[in-house]
Amino acid sequence: MNQFIRVQPAPDKRRNFARWATAQDPKVRTVSSQHFAVPHFLFTDMPEPLLIGATVDGHVYVSPDDGQPAELLGVFLPEQEAVPGQPLPHVPEEAYPAGAKPLPEPDYAPIEDAPAEHDSSDSSDPAYDTRSEGDDGLTCCGRTFKNERGLATHRRQAHPEA
């Protein structure tokens, strides 16, 4: 668990935030030119006016006393979940920016027309093993190896899937 909360105070409150931070025991340290690392046990006791307009762990701080509903991040909303194979839920028009145009319907190729996948590293492929008749079996990919160890090393490196 991270024991620090990154706070970037609003520019007009940065000086007051720094005064508060240096008055703490232990002092609140900076982690960049604009961010402070506030210990979690001090965060709950800090004056709220210092947090208004601040960014806390990458999110804009919203006071619980404002009465404005906060955006619920990471909350499971089952009525908005998409079901595989079903159309996506309706999105209200006000969710789109002004001048947005809908995307054209996708042009799917039928599965019967899909190209067959061929794995060129298949060990049944004649190009993989190029032994010739009467050979001692130490040839692969057109190269001849001095011993079994060299051939095994080549196969592990050049043909790891075999």
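Which members of segment 19-56 meet the condition of being free of Cβ contacts under 8 Å to residues at least 12 places away in the same chain, part of a helix (DSSP H, G or I) and over 32 Å from the mean Cα position of the chain (by Cα)?
Step one: of segment 19-56, the residues free of Cβ contacts under 8 Å to residues at least 12 places away in the same chain are 19, 22-23, 25, 27, 29-30, 32-33, 41, 44-45.
Remaining after also requiring part of a helix (DSSP H, G or I): 19, 22, 41.
Matches in segment 19-56: ARG19, THR22.
I need the full set of residues from segment 18-56 which are of a type in the set (Asp, Glu) and either touching a Ser or Thr at 6+ places or on another chain (Cβ under 7 Å) or surrounded by 13 or more Cβ atoms within 10 Å (Cβ to Cβ) (or both), in order please.
Kept after step one, since they are of a type in the set (Asp, Glu), are these residues of segment 18-56: 25, 45, 48.
Once the filter is applied, which keeps residues that are of a type in the set (Asp, Glu) and either touching a Ser or Thr at 6+ places or on another chain (Cβ under 7 Å) or surrounded by 13 or more Cβ atoms within 10 Å (Cβ to Cβ) (or both), segment 18-56 yields only GLU48.
Every read-out reported here was derived from the displayed coordinates using simple, explicitly stated rules and does not represent laboratory data. Bear in mind the structure is a predicted one, so any value in this text is a computation, not a measurement. With ideal geometry, Cβ positions are generated from the backbone for all residues, glycine too; neighbour counts draw on all protein chains shown.
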